[in-house]
Amino acid sequence: MELLFRRGQSDDALGRPKFDLWAKFEITPEEEDLILKYRMRQAILAEGDPRRDFFRALRYALLLTIAVVIFCEATQMYPHIIALFTIGAFIGGTYIIYHQIREEIRVSDILDGRPFACRSVVTLMAKEETVKQMALAFRHLLEAMKDWGGTEIVEITPEHPPTLKLVEPRDAAA
């Protein structure tokens, strides 16, 4: 598995700098098979605040819906068409906006490539470090999935950190 990063910088409409980061996992066919076998694409790698993100998406979708209603009223559409556009703008807008602003990172996001944008380069570097830590944890998870089903012994003594020993059946192949 490899972790790809692409960094960029642009200016927003007000001329303020905006920093961009794009991250993606490049995986082998064997790793892809493990992800499919254990249905890991929707697994969460980094928790966000889904409740906060959902309510932010609702607020933005409400603004979008108001704009759609104003446009529909200005064009003098039939009331039932206005109602359909209003419902569609609110529900569809909420869904799309939520997936654009959510901070939660799923395996599928990084497998497909996910962009991140911040106003501060320090915040973006922290996000990059978070993605690196996620990649390391995900790599360990892939290794564990390869040999799932064995027995492990973890020795814990006061003077030494825990060590891991794998116990294999006597008839296991060498």
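How big is D for region 49-102, in µm² s⁻¹ as a whole number, if Stokes-Einstein is applied with the Kirkwood radius of its Cα pairs at 37 °C and 0.692 mPa s? Taking Rh from Cα pairs, D becomes 289 µm²/s. As a proxy for reagent exposure, ranking 19, 71, 25, 85 by other Cβ atoms within 10 Å from fewest up yields 71, 85, 19, 25. The ellipsoid that matches the Cα gyration tensor of region 25-83 has semi-axes, each √(5λ) in whole angstrom, of 43, 17, 9, with the longest given first. Our summary of shape: the Cα atoms of region 1-58 have principal axis extents of 47, 29, 14 Å, ordered from largest down, in whole angstrom.
Legend: ranking of residues 22, 148 from fewest to most surrounding C-beta atoms inside 10 Å; resulting order 148, 22. In a reduced charge model with +1 at each Lys and Arg Cβ and -1 at each Asp and Glu Cβ, region 1-152 shows a dipole moment near 540 debye about its Cα centre. Labels on offer are (1) 9, 31, 30, 13, 8, 6, 3, 1, 0; (2) 8, 23, 25, 20, 13, 6, 3, 1; (3) 10, 42, 39, 8, 1, and the one holding P(r) over Cα pairs in 10 Å bins from 0, in percent computed from this structure is (2).
Bear in mind that the values in this text are calculations on the coordinates, not laboratory data. These figures come from a predicted structure and were not determined experimentally. Note: ideal-geometry Cβ built from the backbone for every residue, glycine included; neighbour counts use all protein chains shown.
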